[in-house]
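Read the structure below first, then the notes.
The values are calculated or read from the model by the stated rules, or taken from the named source; none is laboratory data. As the structure is a prediction and not an experimental result, all values here were calculated from the model. Note that we place each Cβ from the backbone using ideal geometry, even for glycine, and neighbour counts take in every protein chain shown.
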Amino acid sequence: MDSSAELSSSESAARADLVKIYRAALDAVDPARLIGRALDGAIDSTVPELIADASRVFLLAIGKASAAMASETEHCLGNKIVNGLAVVPKTDGRPLYAASPESKIRFLAGGHPQPDQSSMAAAHAVREMLGTITADDLLIVALSGGASAMCTMPPPGVTLDDKIAVAAALSRAGASIRELNVVRKHLSILKGGRIVTLCNGARVLGLVLSDVPGNDLATIASGPTAVDWSTYGDAISVLKRRAVWGRAPESVREYLERAVAGEEAETLKSNDPACDRVTNVIIGDNGLALDGAERAATALGYHPQRWKELHGEANDVGRKLGEYLREITHERVCVIAGGEPVVTVRGGGRGGRAQQCALAMNIELGMIARENRIEALFAGTDGIDGPTDAAGAFASPSVVKRGESAAVSAQVSLARNDAYNFFKTTGDLLVTGPSGTNVSDVFIGLVNY
């Protein structure tokens, strides 16, 4: 069903504005531009000094933005880079990335959202490169969201399937990204600051595009270059708190219990001398994207308002934002928010957290009169919301009724976590393809447009 035919000209124009504002948010966190600013010292003045002092520079880029981050780093530093790896998202058989023949960077695929054998192969290649670095060198680690899955090496005795099973169970239980990564980094050879301990005393420069609210370096990409505040005991506590411990594979429970008993080395802690060799720089985050959205909204004639962070259960976030929009009386208001809601999966449907938020909002907005002028969008900045081909979905007072006309229930779809199929039927998905960046989710709501 194509909803565009049922939208009025003003509704269609409002949605066009939503997309313009969304794209402005993405432009504000363009990874190539941010890498260029970082290497020039515009974000942290010590970065050029670190590069100048190094005998050689090695590059490791991992995550959804790794292709642009790696290519721009090589463009800026040229022959200073002697070797590099970029782990980029798998592309279903399409070329990974068109590097120049002279490039020193090797591009590898990594599975996402679930790690797979390509993620393991990428991790082995990373570990092999780290072994060639010396204390006089500099390792630049360009990180972005998705790296935890795309480059994975479980500890001995724990299989990849075991680790996948634990992560999937935690996600279904509504675990936050912070909780999820506490467990993942303690079931890893590379995460939790361990890259720092594997590069033979070299200096490490982390250039980090944050997809985590609050920019906690230990959580972003499971913190491969960061001091870790969590312990093996914390990993067990997360699994028990989310009722996953008893269902976790025996190999995982045994490994974590041995580790708590002191039989396995902990992740990088602040008292480790290796910390003195590390500089981590946040080059972009969700706030930067929201700034870009706010500028675009202002240019389009809206009065921007910031809502609090998108945090908590997606159903609650969508409903509360819907209530908030309903109370706005001023003309041409644009409400902007960002963050990372969670979805506790109770049904067997298809969707993502942005679509779940949008569906909950649509139910709330469906209770008001059609003449209320509200159009909104929830979307992931990576262009991929959950295991779907959609970036997110639109919300307005008319969506639920269009669903009813097409014999799909918004309430039933919400309960089944089947937002994708609901919006596919009503024609209210936003499909953009992968954006090449990733700073969590954004919400844009236009009221009295």
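General observations
- Exactly one residue out of A218, A259, A243, A265 is in contact with an Asp or Glu (Cβ under 9 Å, 6 or more places away or on another chain) and in a loop (DSSP other than H, G, I, E, B): that is A218.
- Residue match in segment 194-204 (condition: more than 22 Å from M153 (Cα to Cα), in the same structural domain as G131 (by TED's automatic domain parsing) and either of a type in the set (D, E) or more than 16 Å from the chain's Cα centre (by Cα) (or both)): yes
- Considering residues of segment 176-188 that are out of contact with any helix residue (DSSP H, G or I) (no Cβ under 7 Å at 6 or more places or on another chain) and either in a loop (DSSP other than H, G, I, E, B) or charged (D, E, K, R) (or both) only, the residue nearest to S230 (Cα to Cα): R178
- Search result, residues across segment 309-336 that are assigned to a helix (DSSP H, G or I) and either surrounded by 15 or more Cβ atoms within 10 Å (Cβ to Cβ) or in contact with a strand residue (DSSP E or B) (Cβ under 7 Å, 6 or more places away or on another chain) (or both): A314, N315, V317, G318, R319, K320, L321, G322, Y324, L325, R326
- For segment 103-121, a residue qualifies if it is of a type outside the set (A, V, I, L, M, F, W, C), surrounded by 17 or more Cβ atoms within 10 Å (Cβ to Cβ) and part of a strand (DSSP E or B), and exactly one does: G110.
- Inspection of segment 397-410 finds no residue satisfying the criterion of being free of Cβ contacts under 8 Å to residues at least 60 places away in the same chain, of a type in the set (V, I, T) and under 25 Å from S171 (Cβ atoms).
- Restricting segment 264-279 to residues that are of a type in the set (A, V, I, L, M) and within 25 Å of the chain's Cα centre (by Cα), the residue that is farthest from G206 (Cα to Cα): L268
- Residue count, segment 122-142 (criterion: assigned to a strand (DSSP E or B) and in contact with a Lys or Arg (Cβ under 9 Å, 6 or more places away or on another chain)): 2
- Taking segment 220-233 as the range and being of a type outside the set (S, T, Y) and either surrounded by fewer than 17 Cβ atoms within 10 Å (Cβ to Cβ) or touching a Lys or Arg at 6+ places or on another chain (Cβ under 7 Å) (or both) as the test, the residues that pass are G223, P224, V227, D228, W229, G233.
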